[in-house]
Amino acid sequence: MLETLRREVPPAAFSLGFLGAVPFVALAVMAFLAEPIGGWALAALLAYGAIILSFMGGVHWGWAMAADEPSFTRLGLSVVPSLLGWGGFLLAGSVGFVVIALGFAALLWLDLQAVAAGRAAAWYPQLRWPLTLIVVASLAVGALAT
């Protein structure tokens, strides 16, 4: 499966995408270490999740601007992930992790809609599916460890 991804996804997107997933997995594992490391890892995982969710929402802002379609709908949807990430971060604890995880799942759906509408590269789902699964699983671990 990984080899198929490497063939279908541009090398830079593949490498940077999976490197971006490393902190999710590492922090989720570290969350089970003794204090103070475990607590620090949970806080770092929640913050990283919020930041990356916001970043991923910005992708949709970029697509809208590149297509010269800066409508309230397109741009409005692109800022929702930032708001979810911020809200999840402020809520903290298990609820915060769940909010951010649901944000990533919803964003995957929005990404798939963008691909279907021809606004995103055809290879994008091949990258987004495994990365979203890794991210959501890591955030679920964070929720359970809280």
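Here, each number is a calculation from the coordinates, and none is a lab measurement. Computed from a predicted structure; not experimentally measured. In this analysis, Cβ positions are derived from the backbone assuming ideal geometry, glycine residues included, and neighbour counts consider all displayed protein chains.
Residues whose amide H lies under 5 Å from that of Leu33, counting only those 5 or more places away or on a different chain, are Gly38; hydrogens are built 1.01 Å from N in the peptide plane.
Modelled spin-label separation between Ala43 and Trp129, with each label point placed 7 Å from Cα along the Cα-to-Cβ direction: 3.9 nm. Hey, what angle do you get for helix 11-30 against the long axis of the chain, alpha-carbon based, 0 to 90 degrees rounded to 10? Taking Cα atoms only, the helix is inclined about 20 degrees.
Counted over the chain with a bin width of 5 Å, the fraction of Cα pairs per bin, in whole percents, is 2, 10, 19, 21, 19, 14, 9, 5, 1, 0, 0. Between Ala137 and Glu35, the contour length at 0.36 nm per residue exceeds the alpha carbon distance by 34.5 nm. In this label model, Ala121 and Val95 are separated by 3.9 nm, measuring between points 7 Å along each Cα→Cβ vector.
Less than 13 Å Cβ to Cβ from Ala64, Lys/Arg counted +1 and Asp/Glu -1: what total charge do the surrounding residues give? Before the final figure, lay out each step's value.
Numbers: positive: Arg74, Arg119; negative: Asp68, Glu69.
With Lys, Arg at +1 and Asp, Glu at -1, the net is 0.
Note down the net charge around Asp111, summing +1 for each Lys or Arg and -1 for each Asp or Glu among other residues with Cβ under 10 Å from its Cβ. Result for the neighbourhood of Asp111: +2.
I'd like the orientation of helix 93-116 relative to the chain: the angle between its Cα long axis and the longest Cα principal axis, in ° from 0 to 90, rounded to 10. Between the helix axis and the principal axis of the chain, the angle is about 20 degrees. Each of Leu144 and Leu75 was given a label point 7 Å from its Cα along the Cα-to-Cβ line. The distance between the two points is 4.2 nm.
Each Cα pair under 8 Å and six or more residues apart adds its separation to the average, and for region 1-132 the resulting relative contact order is 24 percent. Relative to the 2.2 N^0.38 Å rule of thumb, region 1-61 has a C-alpha radius of gyration ratio of 1.38. Report, in degrees rounded to the nearest 10, the 0 to 90 angle that the Cα long axis of helix 124-145 makes with the longest principal axis of the chain. Around 20 degrees separate the two axes.
Based on the Cβ-Cβ distance from Phe18 to Trp109, what FRET efficiency comes out when R0 is 22 Å, to the nearest 0.05? Computed FRET efficiency for Phe18 and Trp109 comes out at 0.55.
With contributions of -39500 (n - 2.57) from each DSSP H run of at least four residues, the per-residue ellipticity at 222 nm computed over the chain stands at -29000 deg cm²/dmol.
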